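Some notes on the structure that comes next.
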Amino acid sequence: MSQGAKSIHLLDPNVAEKIAAGEVIERPASVVKELVENSIDAGATEIEIRLEDGGKSLIEISDNGTGIKSDELALAVQRHATSKISKIEDLLALSSLGFRGEALPSIRAVAKLEILSRVQGEDTAYEWSESSGTRVVTHGTFLSSKHGTRMRVIGLFSEIPVRLKFLKSNGAEISHVREWVERLALARPEIGFSLINDDKNILRLRPGTIESRLTEILADGNQYPVLKQEQRRISPDVRVTSYWLQGLSLPHTRKLIQIVNGRVLKDRLLQQATLSPFKQSLLPGQFPALFLKIELDPAEMDVNAHPTKTEVRFREPSKIFETVQSTLSKLIEAHGSVGYVAAERSYEQSLGSLGTSGGSSSFIGTLFNREATHTYSQDTLTIPESHSPTLTSILFETYIVTEKGGELWLIDQHAAHERIRYEMLKNKFFRAQESGLEKQSLLIPESIKLDEVGALAIRERIHWLDKLGFEAESFGDTTLLIRAIPSNWGNHDVSGRMRNLIEKLIECDPSHELLWDESLFEKMAMTACRGSIKAGDRINEYQASQIINQLFECEHPWNCPHGRPTVVKIPVGKFEEWFQRRV
């Protein structure tokens, strides 16, 4: 044995239990999440969370659920005790959030635990504690109900100083608790929640609708249009419903809410699928306030992929990703990301009010080729009268003003023109791909090393690389050689971009969109920006009308490629308020 080496020994069971508990219980918010989920599973309609010292001294969760039977109280705190599964196959159909015995042993290992409960229909309440066991008690009302459960967690990590010192200030821990309570409350708007710290009310939510709770929690009581979009995929049977607070953006992702089969998650796959459609709708560093709900067969996901169950493993992750992305893309295309547009107003109604059909495509080849004069002549334009909106003016040689549908629309001429040119370039690229992209041979072939599973998958799909404009071949068992790339793709960081494309090709259904990556997007966005009308460039009313028409023929008219808004809308009611025409 080398000098300094220590002998192998079995860890003390009490120490091992505390270490294992640390995977589930990280801070007071972890305890609150687990116990509130238990209360929800117990059918509670009211849940109260009380804290002392931000949860370090005391966490008390009371509910008016069905309660725990007296002879099961001591059993519930034992490891592997459960009422929800009896065989391994039950995990494939797990519809509950948790079970009483799941988190309780972990909590018991890192704090003192007391349970008071009365089962629905019984007259006697029972209390369990480590020191006294199970005993009858004369007291016990549960949020004005005769039945329910009260969990008291005392002195969290008091016997584990190494964990205790990593807890933050009381304010920070309360903030974490509140975030989880709010997420759980959004998942179950029909349940009332209250959060109290040191006898001070932090949060009180009465039962209500999802719309009212979204306004209360995500918008902090402010009024933003709540836009809903729903989409269903037949195989697998997945329903995605999104609620988006239009116009509200934040510098963090705390108001991106993910609910899957009633379970609150912070899943990386879902977050990527959620943020992807907003890339061109919000400025860099800004994130939407959005509630995403997914319903699917429990057998299509594994909820035990993460110790704290904040992430899941989907059987078909690419299908979930595509459905979420498609749902949110349709929502953004229909409503845009800014302005005062009413939630019930459809995209088609907006287009109809502007009269967008049959716009002049020749405008792209004339007005959109900027001349050195920075002045544009109406001689090159032919605008049918039926397609001209009610144009008011052009303000500050930058903002096109038009009135439609009881709203005043302000359109940034540069951002709008940039969007039109960007989509023109993108569509041209995809049309060229469909008719056969020219290939650019590489001086030195790119060599991409894959694992055995990836190499097998790519061999089955290598013909798709040829369709996308690449020349590729397998070399050995696990290497892919790229000999040519699409000429329009560009040669910037070919190796890294090819690796990303190969990963997407393995995981996703093949399509021409696989070619669309960050480098290509930036190249076309910059080209569109450089060739666009700028702020201060003088255009006339006819040209402004054509910009409006062609903007709303775009797939995504509401923002420039980098997220700056193209349109801001002011309702007539705002003018009446300004001029005191109504009180």
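Here are the numbers for the structure shown:
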read-out	value
Fraction of antiparallel bridges per DSSP, segment 223-335 only, in percent to nearest 5	80
Label point distance in nm, LYS6-HIS252, each placed 7 Å from Cα along Cα→Cβ	3.9
Listed peptides 125-135, 265-275 by packing density, highest first (mean Cβ within 10 Å)	265-275, 125-135
Segment 165-248: relative contact order as a whole-number percent, Cα under 8 Å and 6+ apart	18
Protection proxy ranking of 69-75, 571-577 - average other beta-carbon atoms within 10 Å, highest first	69-75, 571-577
Cα gyration tensor shape of segment 29-73, rounded if a/c is under 1.5, else prolate or oblate by comparing a/b with b/c	prolate
Under 5 Å, built H, 5+ apart or other chain: amide partners of CYS560	THR566
Protection-proxy order for peptides 113-124, 199-210, each taking the mean of Cβ atoms within 10 Å per residue, highest first	113-124, 199-210
Per-residue Cβ neighbour rank within 10 angstrom, fewest leading, MET301, MET526	MET526, MET301
Label-point gap, in nm, between ASP123 and GLN580 - each point 7 angstrom along Cα→Cβ	7.0
Farthest toward positive dipole pole in segment 223-335 [+1 Lys/Arg, -1 Asp/Glu at C-beta], among VAL264, SER249, GLN280	SER249
Residue order, fewest to most surrounding Cβ atoms within 10 angstrom, among MET524, MET424, MET151	MET424, MET524, MET151
Order of VAL226, VAL162 - criterion: other Cβ atoms within 10 Å of each residue's Cβ, fewest first	VAL162, VAL226
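No value in this document is a laboratory result; all are computed from the given coordinates. As the structure is a computational prediction, the values presented were derived from the model and not from experiment. For neighbour counting, all protein chains shown are included, and Cβ atoms are generated from backbone atoms with ideal geometry for every residue, glycine included.
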